[in-house]
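Visitor: Before we start, here is the structure in question, set down as structure tokens.
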Amino acid sequence: MFKLNLKIAWRNLWKNKVYAAINIGGLALGLTAFVLMLLYINYEKSYDNWSPDLKNVYQIREKHDFFTPDNKEHWQEISNSRIAGIIKESVPQFTAVTKIDQEWGNGFSVKIDHADPVMVKGIKDADSAFFNVFPYQFIQGTAANALKEPNTVVIKQSLANKLYGTDHVLGKEFKLVRWRDDTGNSLKITGVIADVNTPESIQFNAVSHTGDQDHDPDQIGSSHYTQIYAKSEGDIDTLSANKSLQKVYVDFKKKSFAAEKLSFKDVYKDGKSPGLKAISLKDVHPNPPFSLNWLDKLKPVIGISIFLLVVSIINFINLATAQSVQRAKEVGVKKVLGAYKKQLILQFLIESTLQSISALFLSVILIEILLPAFNHQFNITLSFWHNEYLFSIVLQLIAVFIVVTLLAGCYPAWILSNCNPVSVLKGNYGNSLKGITLRNVLVVFQFIISVTFIIAIGVMHLQTKYISGKDLGFDRDKLINLRTGYDQNFADKIRRIPGVQYVSTTTQVMGNAFNNKSKIIYKGREVNLNGVTVTMDALQTLGVKLVSGRLFAKEYVQDTINSVVLNEAAAGLLGKNMVGQTYGKVDYQGKTITFQVVGVIKNYHNEGFDKAVLPTVYKVSNLGGTSNTNNLLVRFDTKNYKGVINKIEGEWKKLYPDFPFQYQSMDDAFSEILEENKRFMNMIVLFSVVSVSLSLLGLFALSTFVAKRRTKEIAVRKVLGASNFQIVNLLNKSFLILVVTANLISWPIAYILVKKWLEGFAYRIELPLYPFLLSSTISIVIAVLTVSIQARKTAIAEPVVALKYE
Amino acid sequence: MIQLTNIEKYYANKGVKNYVLRLVTTTINQGEFVSIMGPSGAGKSTLLNIIGMLEEPTYGTYHFMGEDVTSLSERKRIELYRNHIGFVFQAYHLIDEMTVYENIEAPLLYKKVGSAERASRIADLLDRFNIVAKKDLFPNQLSGGQQQLVGIARALAAQPSIILADEPTGNLQSAQAEEIMSLFKKLNEEEGITIIQVTHSEKNAQYGNRILHIADGVVKEDVAVLS
Ligand SMILES: Nc1ncnc2c1ncn2[C@@H]1O[C@H](COP(=O)(O)OP(=O)(O)OP(=O)(O)O)[C@@H](O)[C@H]1O
Ligand SMILES: [Mg+2]
């Protein structure tokens, strides 16, 4: 029986090749999208999972407002370096503590003997305790001794192979130059560790111990911020550990405030509070300090891929039930031959299993083909067959497969096995067919999804166009950033190169925005602004637009003393006619310095359009504190500045032979900012195209079946004198109602979703109407076309054929 | 074998009962060959469907082989289909996706007949009906008469004690019809299979040994055929 059923299933598939292909292909697409998502989620979940000992490793997070994008307090991954020492002393739960410096800039320069320097990313500077905390496996050297001495480095096997072509590198030395005029450290390789097989939240290729992390800043007023990780011996009660951490932190803060003559109460007001906690390493990746975590970021995509799967399952069900008209006779006959209902259900389940297995194989092939593109899109390295978690992924896949098969197979099987043999054998099964309502509901549902997608694409396209065409407030043409500190000597040298118009620096420019809070007192009112340090002609270099007053200029002596320029956002906070006004600022010694506003400029963008431009004050003077900048802006007065850049590189090489020359054009910086949004947009477009085509394929196949089912009716009508057009209309009408209904439902859904998406942008378009109108038009036109093609085929067929056949 | 007592069947339409069968009472014994005749719409098919348990009467009792059919479970009914009842339809109703061989084999599979036994029975039937050469063809590759032969072969495969046939020759030419009727007669006489057929043709009815005349749902006449 089983063999025969399988045979029948195969013959049926073969007889309806096209629909079977649509069915299987659609399901395969849906499964593929879903599996890619599964792989991605598994990848994200596998972070910091490379050793069981990592469960005893914790990241220390301090709550503070330094280096934040919004100048507000966050639980941050970087903490005051002094905290490490305090934990070591007074929190006995943690037996080892290590400090890891943040990586600055775009990597460090590594110079091996007399070879050209190469940039290497992920060289982290730590103290000697790094390998006491992290259980990396040493291929050469030992964890206990590797970083004992200063000026040592432990590198990963992959980097050893890249730099030297071998991992037998113990005892070799290279020169590490961290910034352009760093004299550099000669580091001795004292260990090689194995690369790990899961992604890591601390990405690194080498850990150096220069000695810089061994001590904290001497002055009580200055602090150094590093990442701090601690290890416990066995399981600890994190709650009580965190209580101890909080207590020692408050003590530490009180003590240091006393030394700085600050009052604890003054610092922690306006809802601010001190905070220190340890979070387990596995919680680090899911809880980034500023941005959304991956799961939240991924939610829309997860939603979409589930929808895709649902759409393809719906297709499956629809086609199967539609086909049941053809299968009804078989069921009726089998029933009177003595088949149990159970056997019939089983038969149809076998058939849908056969199809979903084919879909599964197809989707595995598709995944293999698509993975490289997917990896590229998301900048990760996923693999299916070589996945660490292949077993669990396969289990998940099997679970999905079973659910899909049951979902897709059960309903049609139930419908079919339930049909009444008498009516079937009398030949009027089509009319008595249940499931028509459900099929219509499913078609509507599919179209709701598709129409919503089309609307979303439309709105996203308009918003993206708006953003990429938006006036940035500065001129990004002919402007590059050397991503290095400002050095008068070097700046003067490149100023003399023909083609160079301005050379300057600022703490804040697109691609490298560094926010520094600056509290001022204006007319007795405290206002928080974002402080940006610039050189004299930085604003000219950027090409910002002046609203009133003037920009900084050499001719005005006071510009190096106490002049400031505000952007419109800041001016808006303070009042009208700000030019000429003065405000005060208390410096760290408690003295009040007076600044005078000399100009107001239009807001210009440094960051993504999801963030509003902060109210900002620009100053040249180092009065009231400055920040190190890591930007060197060069504006050219010619479009063809490639040659000029070569000359700048020549000057660079003369001055800084140990550090490679690098730059980023502002155009590229801008594209990078748009990148994330573009990726998201691309993905939505991709998914939408797939979903819309699935729905249309489904509709196509369905209309074919309906036309087929009504073949006799159509033939009779033709014999009675109906025109082809009338017949096409007849078939269209039933589908048109469905599509229009779907449109009506999807408008409000799309409205809510799209509005929410737009709200993520500080700069956004008004919600436009025409994507809505457009998507409805498109969906209706396409549906009518699809159905018409099928209907026409049936309509123009010779009526005799149909009537004879019956 | 079959005992119908006061069988009634009506369809309620807008509160009006449209009677299809009224107080039909009759007994059909093992080994009879009964033809049901009457004008179109008289209720012939309905009566046959009730006998075949495809439809339920609205009123009345029906005993099949001494068992009350109205209280029969679905499982029991299917057992009857497997072991005792063979259907032959006017529109043949072969399964399009199965070959001739497989169509005949299907009831044997449901009956769980062993494969050797199955093969010999099918070979026997194919041989008897002269369709050995057609065994691997699909129904749409056969003529109407050939399809009906397969239909009958299928009905016989499970070796039923009764065959119910609703206008088995309705779609066939008279030559083919005669062939099928003599086949029925032979089955009835040589193997003792009870046969109940619905027919419009007086000539076909003569093959049997009893005729039930029905008009407006009432058995008007119950006559024996003299041979
Ligand atoms: N589902 C139904 N609803 C209402 N009336 C029905 C239904 N099925 C059958 N009938 C009615 O029952 C009556 C008898 O139908 P039946 O099929 O038994 O006739 P018949 O004697 O077989 O006729 P024919 O020789 O044309 O096949 C008809 O008048 C028909 O209208
Ligand atoms: Mg009839």
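Visitor: Set the Förster distance to 45 Å, then compute FRET efficiency between A:Lys269 and A:His386 from the Cβ-Cβ distance, nearest 0.05.
Guide: Given R0 = 45 Å and the Cβ-Cβ separation, E is 0.25.
Visitor: Quick check: pseudo-label points 7 Å beyond the Cα along Cα→Cβ at B:Ser201 and B:Val223, how many nm apart are they?
Guide: If labels sit at B:Ser201 and B:Val223, their model points lie 1.9 nm apart.
Visitor: Another question, then. Could you tell me the relative contact order of the range A:52-283? Use alpha-carbon pairs under 8 Å, at least six residues apart, and round to a whole percent.
Guide: About 31 percent, as a whole number.
Visitor: If you roll a 1.4 Å probe over the range A:52-283 with all protein chains in place, what percent of the accessible area is carbon or sulfur?
Guide: Solvent-exposed carbon and sulfur of the range A:52-283 make up 50 percent of the total.
Visitor: GNM, chain B, Cα, under 10 Å: largest mean-square fluctuation among B:Phe184, B:Phe87, B:Phe138?
Guide: Comparing B:Phe184, B:Phe87, B:Phe138 in a Gaussian network model of chain B, the most mobile one is B:Phe138.
Visitor: Given the DSSP H assignment, sum -39500 (n - 2.57) over each helix run of at least 4 residues in chain A and divide by its residue total; what's the result at 222 nm in deg cm²/dmol, nearest 500?
Guide: The helix-only estimate for chain A comes to -17000 deg cm²/dmol at 222 nm.
Visitor: Once the Cα atoms of helix A:17-45 and of chain A are each reduced to a long axis, what angle between those two axes, in degrees from 0 to 90 to the nearest 10, is obtained?
Guide: 30 degrees
Visitor: Still on this structure, I have one more. Shielding of B:103-113 by partners, i.e. mean partner chain Cβ atoms within 10 Å per residue?
Guide: The mean count of partner-chain Cβ atoms within 10 Å per residue comes to 4.
Visitor: Okay, moving on. How high is the relative contact order of chain A? Use alpha-carbon pairs under 8 Å, at least six apart in sequence, and give a whole percent.
Guide: Relative CO of chain A lands at 15 percent.
Visitor: Say R0 is 41 Å: what FRET efficiency, to the nearest 0.05, do A:Phe66 and A:Val441 get from their beta-carbon distance?
Guide: With R0 = 41 Å, the Cβ-Cβ based efficiency is 0.15.
Visitor: Just how large is the dipole of the range B:132-227 about the Cα centre, in debye to the nearest 20, putting +1 at every Lys and Arg Cβ and -1 at every Asp and Glu Cβ?
Guide: Dipole of the range B:132-227, to the nearest 20 debye: 260 debye.
Visitor: While we're on this one: Using a Cα distance threshold of under 20 Å, what count of lysine pairs results for chain B when pairs must be 8 or more residues apart or interchain?
Guide: Number of lysine pairs found: 11.
Visitor: On to the next question. Once you charge only the Cβ atoms, +1 for Lys and Arg and -1 for Asp and Glu, what is the size of the charge dipole of chain A about its Cα centre, to the nearest 20 debye?
Guide: Roughly 3840 debye for chain A.
Visitor: So, one more: Where in the range A:223-252 is the amide nitrogen less than 20 Å from a point lying 7 Å along the Cα-to-Cβ axis of A:Glu89?
Guide: A:223-231, A:241-252
Visitor: Would you list the P(r) distribution for chain A, with all Cα-Cα distances sorted into 10 Å bins from 0 and each bin expressed as a whole %?
Guide: Histogram of Cα-Cα distances, whole percents per bin: 2, 10, 16, 19, 17, 13, 10, 7, 4, 1, 0.
Visitor: Take the residue pairs A:Lys282/A:Lys678; A:Lys124/A:Lys172; A:Lys72/A:Lys465; A:Lys602/A:Lys639 and return only those whose Cα atoms are more than 27 Å apart.
Guide: Flagged as over cut-off: A:Lys282/A:Lys678; A:Lys72/A:Lys465.
Visitor: Which value in nm describes the separation of the simple spin-label points at A:Lys243 and A:Ala569, placed 7 Å from the Cα toward the beta carbon?
Guide: According to this spin-label approximation, the distance is 4.2 nm.
Visitor: If packing is taken as the average number of other Cβ atoms within 10 Å across a peptide's residues, how do B:5-11, B:101-107 rank, most packed first?
Guide: So the order, starting with the most tightly packed, is B:101-107, B:5-11.
Visitor: May I pose another question? Could you work out the mean count of beta carbons from other protein chains within 10 Å of each residue's beta carbon in B:151-161?
Guide: That works out to 1 on average.
Visitor: Also, quick follow-up: How much accessible area is lost when chains B and A come together, counting both sides, with a 1.4 Å probe, in Å² rounded to the nearest 100?
Guide: Chains B and A together bury approximately 2500 Å².
Visitor: Something else about it: Which residues in the range A:218-242 place their backbone N less than 13 Å from a point set 7 Å from the Cα of A:Ser280 along the Cα-to-Cβ direction?
Guide: Under 13 Å, as judged by backbone N against the label point of A:Ser280, lie A:232, A:234-239 of the range A:218-242.
Visitor: Hey, which aspartates and glutamates would be in cross-link range of A:Lys708, C-alpha to C-alpha under 16 Å, not counting anything within fewer than 8 residues on its own chain?
Guide: A:Glu798, A:Glu806
Visitor: Here is a follow-up. Calculate how steeply helix A:642-655 sits against the longest principal axis of the alpha-carbon atoms of chain A, using the helix alpha-carbon long axis, and give the answer as 0 to 90 degrees to the nearest 10.
Guide: Helix A:642-655 sits at roughly 40 degrees to that axis.
Visitor: Please go through the residue pairs A:Lys272/A:Lys517; A:Lys519/A:Lys611; A:Lys121/A:Lys653 and name each one whose alpha carbons sit more than 19 Å apart in this structure.
Guide: A:Lys519/A:Lys611; A:Lys121/A:Lys653
Visitor: From the phi of every residue in the range A:82-98, what ³J(HN,Hα) in whole Hz does the Karplus formula 6.51 cos²θ - 1.76 cosθ + 1.60 yield, where θ is phi - 60° and glycine or proline is x?
Guide: So the J values, rounded to whole Hz, are 5, 4, 4, x, 5, 4, 4, 6, 10, 10, x, 4, 9, 9, 9, 9, 10.
Visitor: What residues from the range B:23-37 fall in the zone where the backbone N is under 16 Å from a label point 7 Å along the Cα-to-C-beta line of B:Thr70?
Guide: Under 16 Å, as judged by backbone N against the label point of B:Thr70, lie B:23-26 of the range B:23-37.
Visitor: May I ask for the net charge around A:Trp14, where only other residues with Cβ less than 11 Å from the Cβ of A:Trp14 are counted and Lys, Arg are +1 while Asp, Glu are -1?
Guide: Computed value for this residue: +3.
Visitor: Can you list the HN-Hα couplings for the range A:443-460, worked out from phi with the Karplus curve (6.51, -1.76, 1.60; θ = phi - 60°), rounded to whole Hz and with x for Gly and Pro?
Guide: Going residue by residue, I get 4, 4, 4, 4, 6, 4, 4, 5, 5, 4, 4, 4, 4, 4, 4, x, 5, 4 Hz, with x marking Gly and Pro.
Visitor: Explain nothing, just compute: Karplus ³J(HN,Hα) = 6.51 cos²θ - 1.76 cosθ + 1.60, θ = phi - 60°, for every residue of the range A:738-745 in order, whole Hz, x for Gly and Pro.
Guide: So the J values, rounded to whole Hz, are 4, 5, 5, 4, 4, 4, 4, 6.
Visitor: Here's something else I'd like to know. If I model a spin label as a point 7 Å beyond the Cα along the Cα-Cβ vector, how far apart are those points for B:Glu190 and A:Ser256 in nm?
Guide: Reported label-point gap for B:Glu190 and A:Ser256 is 10.9 nm.
Visitor: Something else now. What FRET efficiency comes out for A:Lys162 versus A:Val527 if R0 is 56 angstrom and r is the Cβ-Cβ distance? Round to the nearest 0.05.
Guide: Efficiency computed from Cβ-Cβ geometry: 0.65.
Visitor: Same structure, new question: How far is helix A:770-796 tilted, in degrees, relative to the longest principal axis of the Cα atoms in chain A, given as a value from 0 to 90 rounded to the nearest 10?
Guide: The helix A:770-796 is inclined about 30 degrees to chain A.
The values are calculated or read from the model by the stated rules, or taken from the named source; none is laboratory data. No experiment lies behind these values; they were computed from the predicted model shown. Positions of Cβ are backbone-derived with ideal geometry, glycine not excepted, and every protein chain shown enters the neighbour counts. Ligands, DNA and RNA are excluded from the accessible area calculation, which covers all protein heavy atoms including side chains. Shrake-Rupley method; radii C 1.70, N 1.55, O 1.52, S 1.80 Å.
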